[in-house]
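Participant: I have a structure here, written as structure tokens, and I will follow up with some questions on it.
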Amino acid sequence: MTRSSQRAARGDDAEPSWRPRGGQDGSLANEVEGYLLLHAELEQARREAEALCARLPWLTTGQAEDVTRHYTEQRLSLTRQALQVTVDRAKRLRGEYEARYRELRRMLFRRHTMAACFILTCTGTANTLAWYATR
């Protein structure tokens, strides 16, 4: 039975808007966001290149197009490098945070285990003392 037929059997005609469609985990949204960011950066680089060429009135049309193309390529390359540095840093930080989280969980587990053992020991001792007191 497919997901849509299961929804139809339950009476749910529309899939919730917050749930990714088709079982995807949001990777399509990430791709679209990346695409839009890339094109926004590309347009910004082109505008800057055109503004640069406008300040250099002696350039021919072909030269201005070459300067625009080279500037845009260089700008996108620098943006990719900056993003890669950011991604690498995020991966390192994630690893560090996950290691610290695991360490804190182990420490908390040990403390709770010791507290439980202490409480059980105290309870056993109290019961033993109560038993001896009633004899």
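Participant: May I ask you to say which residue of Thr60, Thr79 is at pLDDT below 95, under 31 Å from the mean Cα position of the chain (by Cα) and of a type in the set (Val, Ile, Thr)? It would help to see each step written out before you state the result.
Facilitator: On the way: Thr60 fails: under 31 Å from the mean Cα position of the chain (by Cα).
Sole residue among the options that is at pLDDT below 95, under 31 Å from the mean Cα position of the chain (by Cα) and of a type in the set (Val, Ile, Thr): Thr79.
Participant: If the Cβ limit is 6 Å and pairs must be 6+ apart or interchain, which residue in the stretch 43-64 that is open to solvent by 90 Å² or more (accessible area, probe 1.4 Å) pairs with which residue that is in a helix (DSSP H, G or I)?
Facilitator: As it stands, the answer is Arg46/Thr72, since those pairs meet every condition given.
Participant: Does Thr72 satisfy the condition of being surrounded by 10 or more Cβ atoms within 10 Å (Cβ to Cβ), touching a Lys or Arg at 6+ places or on another chain (Cβ under 6 Å) and part of a helix (DSSP H, G or I)? So that I can check it myself, show each step before the final result.
Facilitator: On the way: surrounded by 10 or more Cβ atoms within 10 Å (Cβ to Cβ): yes; touching a Lys or Arg at 6+ places or on another chain (Cβ under 6 Å): yes; part of a helix (DSSP H, G or I): yes.
Yes; evaluated as a whole, the condition is true for this residue.
Participant: State whether one or more residues within the stretch 90-110 are closer than 28 Å to His39 by Cα and open to solvent by less than 70 Å² (accessible area, probe 1.4 Å).
Facilitator: The answer is yes, given that some residue of the stretch 90-110 is closer than 28 Å to His39 by Cα and open to solvent by less than 70 Å² (accessible area, probe 1.4 Å).
The values are calculated or read from the model by the stated rules, or taken from the named source; none is laboratory data. What you are looking at is a predicted structure, and each value in this text was computed from that prediction instead of being measured. Glycine gets a Cβ as well: all are built from the backbone with ideal geometry, and neighbour counts include every protein chain shown. Keep in mind that these areas ignore ligands, DNA and RNA; they rest on the heavy atoms of the full protein, side chains included. Shrake-Rupley method; radii C 1.70, N 1.55, O 1.52, S 1.80 Å.
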